[in-house]
Each structure stands twice: as C-alpha cells, then as structure tokens.
Amino acid sequence: MLNVEVVRVDRIPGLALPASHGQLIAFQPSFTLTNAHPPICIFSQPAPNTPSLRVFLALHFTAVHIAISIEYLERSLRSRAMADGSRSKVIEANPIGKGLNTFRDSFEFKHRGLGITGADALYHISGEGPKNSLLDLIYALQGLPVTRSLPSKSNSVNLFGDLLELSSAVNSGNFDIGHIIPLLRAVLNNEPDEVIWDNAYAAVAAFTAFTVAIPTTPPLSAPSLAASFQQTPWLHNTGSFANSTEHRKYVDDVLKEELGPLYVGVPGFFDAYFGSVPGLESVAQAVFDKCKEGDNPLYREESGWQDWPESAKERDVLGWFAPLIGQLVDFAAQKESTYRPRRRPLAQPHKPLQGSIAERKMDVGFVDDPLAEADAKYRWSHILIPGELKSNPLEDRASKAWLDLGRYTREVFAAQPTRRFVLGFTLCGPRMRLWEFDRLGGIASNSFDINEDGLQFVSAVLGFLWLDEEQLGFDPTIITDGNKQYVDIERNGCAERLIIDGVINRTPCVAGRATTCWKAHREGDESKRPLVIKDSWQYPERDEEGEHLRKAAEKGVANVARHYHHGTVHVGEQQDDIRENVRRGLDVTQATNYRTMPPPSTNGHRGSRTGRSSSSAIRRKRSSSCMNAPLPPSKRTCSSSPVKGGKAIANRVHRRVILYDLGVPIYKASSPTKLLAALEGCIEGYESLQSKAGLLQSDISPNNLMVNEDKENPSWPAFIIDLDLAIKEQREKSSGAHGKTGTRAFMAIGVLLDNENHSYMHDLESFFWVLFWICVHYIGPGQGRTVPRFDKWNYLDAEELAGAKKGVVDDERDFLRIAGETFTPYYQPLIPCINKLRRKVFPGGGRWRDPNPKLYDEMREILRAARHDLEGSDLPRNIALPIER
C-alpha cells in the first residue's frame, strides 16, 4: 500500500480514532451515500521513522488495494453525493423503456444453444465471447441518449464518456470484467432503471479505482481478463428452501442455477437408455410398418402422422397423442402376444397434480396405471415419465421447454424416494427430444421431427411403455416384497437385512446431494431398535460421511448420530455414480451445445481422492445390485477425468450411511423449554465433535438438529446429524466442495460475504439463526407457517442475504421490534433469551472478528438460564443407552 500525506485527522467528519495504531477504524462521511458507492475500510498505521499518524483508505477490488488520502475521499464523496440527487431526476425524466430490448434479444439468440440462460451464460463460453458480449452491452447503454445527460463518475464530461473509457479498458483486456456482470444481470432481468444505472456507475467506479492515482504514483497492474471466472461459485439449490411457499417465479431462478448447463444432442443417448429393452427394435419396426399399411394409413412417408395438428396447439396435440398411443399399444400386442402395457399416457394439463408444496401442473406424461383415465386424480408419486409440450419449435431451449421439464422432474424426484434418475421428453411442435435428469442435472438426445422420423417416435413411445423399474431409474438395492421393503447389507462379516418402516425425509431437488432418510430396524431384532438409513449423492472428492461418523464414535463424541454401517451403493455390479453408471458412460463433451469452459460449479475442482468404505459385497440372485466395498485401485471410479479443453466434468457417487440414533427435527420439540434444552444439547454435541474428532459440522440447520423425547427410544435426547459437509478443522486445502456450504437461511454472515475459512464461530452463529427462524415460523411444535419477509431469504443472493441478516441483528432496538412483530405468540417468551444470544454472537451488533472459545459456554448458560426462568427446574443430563459394536 502506498504512503500518502494526510490532513489533520481531527478535522475529518465521521472519523473515529482507534485505540492503537494498526487497528481497523470506521469512516462515516457527513452525508448519505447511495448503494452505488463501494464499501470503505480505513486502517491506521504509524508512518515510517516519524511519530505522526498516517491514515490509509483501502478500496478492495479483486486483489488490488489503492490508497488515497482522507481529504481526497471526503471531497470526492461529498461531490458524488450531491450529484446523486440530480442523477435520480435525470433517470426519472429519461426512462430506458424498450431501449435495451435489442441487446437482450441478441444476447439470448447468441447463447440459445448453451442450455443456460441469463448472465450465467458467460461462464460457459470461451475465447473472446465474454468480452464481446459485455462490449455489446456497453455500446447498447451508450446508445441511450440519457447517458449524455447523466453526470460522470470520474473526470469525463458525462456518463457517456465514462462508458467510452470503460469499453476501451474491456476491449484491451486490462480490466476484470467480472465487475460488469451485475450490470449485465440487471439488464437481462429487466430490473428498474435506477438499478441498471446504479450498476453502470458501480462498473465505472471499479474501473476508475484501477486508474485513479495520486501524482507520482506508479500505474497499477490489473488482474487478468479471466480472473473473475475463476472464483469459487455460490451454490444455490432448491432443496435448501425453508418454510417457503415455493412461488414459481422464485423457484425457477434457483432451479436454473441448480440444473446448470443442460447438455443436448449427446451421442448414443437412445441406445444407452432404450437399447436394453428386450425386443424393442424388432417390435417397433413391426408396429411402424403396420402404421403404414392400408388405404388410410396412420403414417405416410410424405406427410407424416395422420391427423397431426399443424398448429401444434397443446390441446390439439394432446387430443392426437393419447389415441395414437393406444393404437401403437394394440399393434405391439399383435406382434408380441406376451406384451402387457405397464403404463399409459396421462394428459391433464389443467389439473394440478397432488403432492407438491405449490400448485403444479404437467402437460403430459406416463403414469403407473395401465387403466389411466382422463378424469382420474393422480399424484406426483404416480408419474413415471414427465413430458412437456410447446407449439413452437423455437421453444426447444433452456429457458422454455427444458426448464419446464426440469420443474416437473423435481416434483417426481421429491415424491419417489427410491428414484435415482428420471427419463422424460419434450415435444416442441413436431420436434421431440428425449431427456434424462439426475443428481448432476440433465442430458438429452438430438431432437427429431416425429413426422419425418416416424420409426424413432414409435421406438421412443414403446420404450417408455416397456422400460422396467430399474431402467426407469428406481433403486434396485431397495427391494420390495409384497408390502415389505428392505435393504441387504454385510456388516462385520455377517449378512443383515434391514426392514424399512417408512420415509423420514426426502430433499426436494434435482441436482445436488438429494438426501433421503428411512426409518428401519434389523430383521430378527425383537426390540426393533430404530435405525436410520441415509442415501445421498456425494462429490467423490469429499471425505465420506460414514468415515467421519465412524471415527467420531471411536473417539467418544457425544450428542452426534452414531455410526452403524456405511458403504457405496452398487448397481449392476458397478459403483453407482452418475457419469459411468446412471449416464452409461455417455460423453457430454460431445453434446452439440458443449463448451470447453465448465460451469461455475466445477471451478476449484481438485484431484481425485477416493474414500474408503467399510462395507463388503453381498451376492444374491434376486438382484445384481448391492452395497459393497470400494473397487480395487485399478477399477475405482475417479472423481474426474481430463476431457476436451483440459477441463473436468463433475461426478457424484451414491453413498449409504446407517445410523443408530433416531429423532425428530428440533422445531418439533414439545415445548419452548424442550426446544432450549435440545438446542443446548446440540451445541454440546457440536463442541464434542470439534474437540474430540477435530471436525466442523458446517451445515447447522433445523433439520440437522434432532430431539428425542421418546423414553422408549435409546437414542440421544438431543443430537446433531449430517456430516456430509463436515470438514477437518486443521486443514491445509479445500474440503473438496464445489462452492460455499451450508443451508442458506442459516449461514453465517461472514461466510455469505467474505468466503472466510469456515470456523466453529460461523456454526455457532448458525445456531442463533436456527432458533430465530423457529420462533418466527412455528406457531407450535412442528406447526410451521410461511412469513413473506423471511421467505425471501431462500432466494436472495449471498450479499443481499447477508445484508438482510445484518439488518436484523445490528441494532438492539430494531431487533426487539422485529422479534416483537414476527415471533409467534408461542415463542414470544423467548425474546429476552434470543436477544442475549444476539449480544454474544454479534458483539456490538457486528460480526465477530476474533474466535471466542468461551462462546460455547456463554450460549449454553443463556439457554440454561432461560429454561430456569420458564420452568424453574433443574436440567436433566443427556444420557444415551450404550450401543452394540
């Protein structure tokens, strides 16, 4: 940082002197700043060889710090604040209107084949693509007459001049174009004019910060053009919603991010998913030949299918589709007498399907009912193959038909606990595309015209009708025998059968860990001691949760779910992963819309590291699928392999963990005092995990904090679950996560803002947010509600969410007012307790700066005192019955 002479500090309004040199001090100008101004930090240091005080301002852009004098700062910001008033009047008098529509249309047209929409498309193109797109944006803004009236951010005549200099810097590659992405996002999302111009000024301010200099200051080097595309991304997932209405306009934005790029035109798709259907090829050919027979055939080579509606309107296509399927089924039965249809098409586009949080409808699909009727009521659990219809072939793209099908797929996954992947189709006009969705996203075949390639259409329809359950994506390792479901494992050298008693939880998402939990017990155990079977899809780079749990149990960790067994699921005699097993080894790098630049979720990809499993194979005749030990080193599936462009495609592996302890989420505690006791027990468990096993759980949320009030249940009275995202406290490199971890609404402010190295202090803050959230959203034990103000927390980006959280806790009067207005009557008595926690977790209303090991005891003491105040009784100790090893 550069040393500069400074005016007398005591003459600067809003400047608070630190207690000692080298300490962070606050600068608050004597006027109001708008959101367009960048964040400000001021540090004090003793000047070299002199006793005088020098003060430095650091504006942080990527990795560059620029120092300017406080006097210059005050003068500059004061003039800018005065300009803001006139700027708002100019913006209001000169609306953008349709002035940027041409750019929006052009941007979407250029990137329509990427499988992803909006500003995120820039992450999936290489070469000069990102730079050229942003230059187009700047030129579009310059074309608006209002830029000649808006004031300059630097020393130009007006904003037009600023944009001219910005475009020159972008064109030369001498600027981090990541600072323009918020502006691009605002334009593409058609945000209000004030938001667009604020982002334009912010981009100019970022550019100005790299070029402004005190005389004699040498020029600063700028980061490389691609720097902003190499940052660790923020992962957002529809499975992380808490107490949400799941309004479609919000869910769709998150779902787009979750799905990432959807790869279409993947070679070999049909053979991979339909090639194993016995007799399909010969029967499809025979049925197609039958369709061409007679004087009035169903299909003519020159015109296609009989009665195909040329307008391709949804209602007309549905009226054509269902009867034709019936005829194809009849023709197939004539060819293959043993054929019995497993399912029928369902066309109820205006009737919501039951079983989803928000009202959801589906255009067309296939249900597990061979006698499906048009007026019957169905649930998402009945939908085997979802479909989406569009009348316009041009809607065969990511923002239209593909996203709609992805939305249906999310509901299917959520309603069917044993589903590993989902097949589906889109029909846009006469163009059909076959799809497969899994825990990495979605891939699809080439599109084909059903009127030009009738045989392909017949093959696809009969394939959908004939696929068995495993081919449809159901997990064959979860076996159904009459009304009984079970899983076979081998533990300590002995075969065991675990009887499934019911589903505990299923995370509603498409791409992600997609955790599913079942309650179970061991066959032959007369006590039927409860066990929990947990399936999830993990990045292979991460340490196995089962290993974390086993080691925690060995070290005597208290109040953390205890290990019973773990392993990697095997299907078809091979490790069940996405790339090789679910996707049959299909190469997405050969997709027609593949680009060498990977999606943000694959940045920071580490080398392969295969975890170890304690389970071993169980061979049985009834299924070729099982859980067993890791493959020998020569056969292990690596986390990634080099592909086109030197990049790697992510993978996920299907892992299964079995636990002793069973409880219910903490928000189901039977009383406020039981809730406080459970929270105290979970904090004790977290500390035990850290101190004895050296692990940070890293995902504190209501569904990961358990309470057990059943005296017949030998599980811990309160305990923590889910070590999927746990990390070693003493670590030298990334945990292997492909982005920030944690459940959004409960993440610590520091993690949201700064991507700080994860600390136990962040997780203790998450305990605070869990208690706060429960008091807002529950009118009684397990009786949840949706609060619009906080529903937004599920959808805000990281920085906005951090700001919203700071607004809750930074001032005690505001916090008490918010709590009084939003806490349910049931939890109003906890306001004093939570306010005391707030004071400890957010000292002085701000984020913690130094770790405080005493915070564990301080939080527990506050919870304990609140319980005494509410019930006036001594606290019971957490005691769990011993477990068999």
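I need the full set of residues from the stretch 670-683 which are of a type outside the set (V, I, T) and either crowded, with 24+ Cβ neighbours inside 10 Å or touching a Lys or Arg at 6+ places or on another chain (Cβ under 7 Å) (or both), in order please.
Residues satisfying the conditions are L675, L676, A677, A678, L679, E680, G681, C682.
V283 versus (1) assigned to a loop (DSSP other than H, G, I, E, B); (2) closer than 13 Å to L465 by Cα: which is the lone unmet condition?
Only one criterion is unmet by V283, namely (1).
May I ask you to verify whether R433 is surrounded by 18 or more Cβ atoms within 10 Å (Cβ to Cβ), at pLDDT 95 or above, among the charged types (D, E, K, R) and not in a loop (DSSP other than H, G, I, E, B)?
yes
Please state which of the following conditions V809 fails to meet, knowing it meets all the rest: (1) crowded, with 18+ Cβ neighbours inside 10 Å; (2) farther than 23 Å from K668 by Cα; (3) touching a residue at least 60 places away in the same chain (Cβ under 8 Å).
Answer for V809: the failing condition is (3).
I need the full set of residues from the stretch 832-859 which are more than 32 Å from the chain's Cα centre (by Cα) and surrounded by fewer than 20 Cβ atoms within 10 Å (Cβ to Cβ), in order please.
P832, K836, G844, K854, D857, E858
In the stretch 684-702, which residue that is under 27 Å from Y778 (Cα atoms) and either of a type in the set (G, A, S) or not assigned by TED's automatic domain parsing to the domain that holds R529 (or both) is modelled with the lowest pLDDT?
Per the criteria, the residue is S698.
Among A804, A819, which is without any contact (Cβ under 8 Å) to a residue 24 or more places away in the chain, over 19 Å from E680 (Cα atoms), surrounded by 13 or more Cβ atoms within 10 Å (Cβ to Cβ) and under 31 Å from the mean Cα position of the chain (by Cα)?
Every option except A804 fails the conditions.
For the stretch 400-415, indicate whether the set of residues that are more than 23 Å from G268 (Cβ to Cβ), assigned to a loop (DSSP other than H, G, I, E, B) and not assigned by TED's automatic domain parsing to the domain that holds G502 is non-empty.
no
Look through I720, I727, I749 and report the one residue that is within 23 Å of the chain's Cα centre (by Cα), at pLDDT 95 or above and assigned by TED's automatic domain parsing to the domain that holds R847.
The conditions single out I720.
Among the residues of the stretch 630-673, how many are farther than 23 Å from W537 by Cα, modelled with pLDDT under 95 and among the small types (G, A, S)?
2
Looking at the stretch 128-181, which of the residues that are surrounded by fewer than 21 Cβ atoms within 10 Å (Cβ to Cβ) and of a type in the set (D, E, K, R) is modelled with the lowest pLDDT?
Filtering first and then ranking leaves E128.
Filter the stretch 342-364 down to the residues that are part of a loop (DSSP other than H, G, I, E, B) and at pLDDT below 70, then identify the one that is nearest to G319 (Cα to Cα).
Checking each candidate, the answer is E359.
Being outside any helix (DSSP H, G or I) and under 20 Å from K840 (Cα atoms) is the filter here, so list the residues in the stretch 757-810 that pass it.
If the condition is that a residue be outside any helix (DSSP H, G or I) and under 20 Å from K840 (Cα atoms), then H758, S759, D810 are the ones that fit.
Step by step: first the residues of the stretch 375-417, then only those that are within 22 Å of the chain's Cα centre (by Cα) and farther than 16 Å from V510 by Cβ, then the one that is modelled with the lowest pLDDT. Which residue is that?
Within the stretch 375-417, the match that is modelled with the lowest pLDDT is S399.
Tell me, please, whether a residue that is outside the structural domain of V532 (by TED's automatic domain parsing) and part of a strand (DSSP E or B) can be found in the stretch 450-459.
no
Here are some residues: L679, L705, L764. Which one is modelled with pLDDT of 95 or more and more than 26 Å from the chain's Cα centre (by Cα)?
Every option except L679 fails the conditions.
Only residues that are farther than 17 Å from Y339 by Cβ and surrounded by 18 or more Cβ atoms within 10 Å (Cβ to Cβ): list them for the stretch 273-300, please.
Correct list: Y273, L298, Y299.
The values are calculated or read from the model by the stated rules, or taken from the named source; none is laboratory data. All values reported here derive from a predicted model rather than from experimental measurement. No Cβ is skipped: glycine too gets one built from the backbone with ideal geometry, and neighbour counts run over all protein chains shown.
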